[in-house]
Amino acid sequence: EGKPMQTKESWFPKFKPYQGDLDTTPVQTDEYLPAGKSIILGLQHAFAMFGATVLAPLLMGFDPNLTIFITGIGTILFFLMTGGRMPSYLGSSFAFIGAVVAVTGYTGVGANPNLSLALGGTIACGVLYALIGLVVIRTGTAWIEKLMPPIVTGTIVMIIGLHLAPVAIKSVSANQFDSWMALITIICISVIAVFTKGMVRRLLLLLGLVASYFIYFLLTNVMGFGTAIDFAKVGQAAWFGLPTFHSPTFDVNAMMLIAPVAIILVAENLGHFKAVSAMTGKNLSPYMGRGFFADGVCTTLSASVGGTGMTTYAENIGVMAVTKVYSTTIFVFAGVFAILLGLSPKFGAVISTIPVALLGGASIVVFGLITVAGAKIWVDNKIDFTKSSTLMIGAVCLIMGTGNYSLQIGSFDLGGIGTATLAAILLNLFLNRGSEKEQVVEKSEDQINSTIAQS
């Protein structure tokens with residue numbers, strides 16, 4: 001584990017048709033489902049990424065339609081560049097928000113007037129990230145594994161889910177009606193997850209959203225409660241239209257501020273890949289370099305035409321955790337749906353009618369699943385919390401990440417996830433020697449106790 005890939009291995013695995021029972025047997029990364037089921041599952045992944053992939057560019061003043069379009073292309077490129085070995089959707093990254101706002105002075109209203117500066121800095125970040133990926137491909141992941149053992153990666157995955165929790169709760173707290181509709185959405189998804197079988201269970205998020213959307217429509221547009229769904233934009237939107245592209249400006253200060261986000265992306269994606277490894281039961285470490293490199297290249301290409309930086313999406317990992325479908329080919333279909341969405345203002349208008357309360361309810365489910373995936377890394381690797389060092393790393397960093405404790409290095413804001421991630425890595429390195437001493441003391445105590453027992 002952690003060693004470079006052997007050159008004799010083919011780039012793509014030998015994909016084979018899935019022949020198991022969907023109720024009991026997971027669909028592995030190198031298996032594929034019939035086209036009909038793949039299309040539906042791909043649509044579900046497109047729904048899962050939609051809310052966050054649209055929200056991130058809005059918070060930075062980017063064009064959401066262009067971002068959706070680019071993430072679809074990026075996801076397909078990621079599939080090709082990783083050899084179809086890592087199931088992931090590349091969505092717009094929230095890690096860039098703090099740095100982009102600091103560079104551009106964006107106030108949160110309308111388009112970002114200094115968008116080109118952000119694009120230049122994001123390109124620099126993508127290039128740095130791709131270079132890290134090349135190093136990992138060449139040297140393997142052993143050095144990253146040492147920096148980020150299971151206690152650290154499990155913590156990072158949990159932090160991502162817990163850190164996003166306030167975002168989900170805030171989105172459904174505008175009024176009591178929204179709060180109740182979010183709960184109804186959670187119930188719809190939960191009922192499908194527990195009381196259905198086969199393909200229906202695998203589509204729990206998509207079908208849960210459809211069911212809650214229908215209930216919302218009846219309560220608002222028919223019965224007059226809450227805020228009715230406005231379909232006016234759907235009628236006004238064109239069926240087809242190319243998004244507007246933008247050019248970058250390369251400013252040294254902006255590039256220096258945004259490029260370090262690559263460190264956060266490495267930690268974030270390592271946690272994501274570890275979570276997928278734990279779920280699939282397959283060692284994906286030999287392919288992490290491909291994943292880092294592909295994400296860096298796609299981030300660079302995205303920013304070169306006006307899109308946001310990219311990252312593998314925790315939301316879609318949450319979908320895989322529930323559906324047990326890990327087939328990488330599903331994400332090709334998801335990418336195609338995103339491209340169509342980006343090219344069709346009308347399709348985008350239809351999706352945009354989904355009330356925030358419903359997306360928030362689904363987010364609560366997904367973010368919770370992400371958090372549990374981090375805990376699963378701990379469990380699967382039998383993390384011993386009787387050791388003081390391990391206990392301190394997990395306890396301190398979880399609270400830092402959940403509470404959005406943020407440090408600044410110069411004018412660069414690490415953000416809550418970045419600060420907690422850095423703390424987890426540094427604490428592990430700093431306390432590791434103490435942990436070794438602790439193990440020596442424990443062994444000595446065990447030997448003494450054994451001697452006494454024998455006497």
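The values are calculated or read from the model by the stated rules, or taken from the named source; none is laboratory data. Computed from a predicted structure; not experimentally measured. Cβ: placed from backbone, ideal geometry, glycine included. Neighbour counts: every protein chain shown. For the accessible areas, the whole protein counts, side chains as well, though only heavy atoms, and no ligand, DNA or RNA atoms are used. Shrake-Rupley method; radii C 1.70, N 1.55, O 1.52, S 1.80 Å.
So which residues in segment 241-259 are open to solvent by 40 Å² or more (accessible area, probe 1.4 Å), under 23 Å from Leu134 (Cβ atoms) and assigned to a loop (DSSP other than H, G, I, E, B), if there are any at all?
Listed by number, the list holds a single entry, Phe250.
Evaluate segment 194-206: report whether one residue or more is of a type in the set (Val, Ile, Thr), more than 18 Å from Val325 (Cα to Cα) and in a helix (DSSP H, G or I). Talk me through it step by step, then tell me what you get.
Residues of segment 194-206 of a type in the set (Val, Ile, Thr): 194, 196, 200.
Still in the running and more than 18 Å from Val325 (Cα to Cα): none.
The answer is no; no qualifying residue exists.
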Inset, instruction - Evaluate the following for Gly74: is it in contact with a Leu (Cβ under 8 Å, 6 or more places away or on another chain), open to solvent by less than 40 Å² (accessible area, probe 1.4 Å), closer than 30 Å to Val210 by Cβ and assigned to a helix (DSSP H, G or I)? - result: yes
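Taking segment 308-353, which residues are assigned to a loop (DSSP other than H, G, I, E, B) and in contact with a Gly (Cβ under 8 Å, 6 or more places away or on another chain)? Working first, answer last.
Step one: of segment 308-353, the residues assigned to a loop (DSSP other than H, G, I, E, B) are 308-309, 313, 324, 326-328, 344, 353.
Listed by number, the residues that qualify are Gly309, Tyr313, Thr328, Ser344.
How many of the residues in segment 292-307 are open to solvent by less than 10 Å² (accessible area, probe 1.4 Å), part of a helix (DSSP H, G or I) and farther than 25 Å from Ser363 by Cα?
At the first step, the residues of segment 292-307 found to be open to solvent by less than 10 Å² (accessible area, probe 1.4 Å) are 292, 294-296, 298-299, 302-303, 306-307.
Then keep just the ones that are part of a helix (DSSP H, G or I); that gives 292, 294-296, 298-299, 302-303.
Now narrow it down to the ones that are farther than 25 Å from Ser363 by Cα: 292, 294, 296, 298, 302-303.
Count: 6.
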Inset, instruction - Give segment 196-241 a look and list any residue that's basic (Lys, Arg) and closer than 26 Å to Leu343 by Cβ, or say none. - result: Lys233
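So if I check each of Thr185, Thr122, Thr155, which one is part of a helix (DSSP H, G or I), under 25 Å from Met49 (Cα atoms) and in contact with a Cys (Cβ under 7 Å, 6 or more places away or on another chain)? Outline the logic, then answer.
Numbers: Thr185 fails: in contact with a Cys (Cβ under 7 Å, 6 or more places away or on another chain); Thr122 fails: in contact with a Cys (Cβ under 7 Å, 6 or more places away or on another chain).
None of the other options fit; the residue is Thr155.
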Legend entry - Yes/no for Phe96 being among the aromatic types (Phe, Trp, Tyr) and either at pLDDT 90 or above or surrounded by fewer than 22 Cβ atoms within 10 Å (Cβ to Cβ) (or both): no
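Residues checked against (1) on the phi < 0 side of the Ramachandran plot; (2) at pLDDT below 85:
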site: Leu115; (1), (2): yes, no
site: Ala118; (1), (2): yes, no
site: Tyr129; (1), (2): yes, no
site: Leu134; (1), (2): yes, no
site: Gly140; (1), (2): no, yes
site: Pro149; (1), (2): yes, yes
site: Ile160; (1), (2): yes, yes
Inset, instruction - Give the residue, chosen from Ile339, Ile317, that is among the aliphatic types (A, V, I, L, M), surrounded by fewer than 22 Cβ atoms within 10 Å (Cβ to Cβ) and touching a residue at least 40 places away in the same chain (Cβ under 8 Å). - result: Ile339
Inset, instruction - Mind listing whichever residues of segment 260-286 are open to solvent by 30 Å² or more (accessible area, probe 1.4 Å) and assigned to a helix (DSSP H, G or I)? - result: Ile263, Lys274, Met279, Pro286
Inset, instruction - Consider only pairs whose beta carbons are under 6 Å apart and that are at least six residues apart or on different chains; among these, list those whose first residue lies in segment 357-386 and is closer than 18 Å to Asn428 by Cα and at pLDDT 80 or above and whose second residue is aliphatic (A, V, I, L, M) and surrounded by fewer than 17 Cβ atoms within 10 Å (Cβ to Cβ). - result: Phe385/Leu391
Inset, instruction - Restrict the check to segment 201-218 and report whether at least one residue is touching a residue at least 40 places away in the same chain (Cβ under 8 Å), surrounded by fewer than 15 Cβ atoms within 10 Å (Cβ to Cβ) and out of contact with any Leu (no Cβ under 9 Å at 6 or more places or on another chain). - result: no
Legend entry - Given (1) out of contact with any Cys (no Cβ under 7 Å at 6 or more places or on another chain); (2) of a type outside the set (D, E, K, R); (3) touching a residue at least 24 places away in the same chain (Cβ under 8 Å), index of the condition Val252 fails: (3)
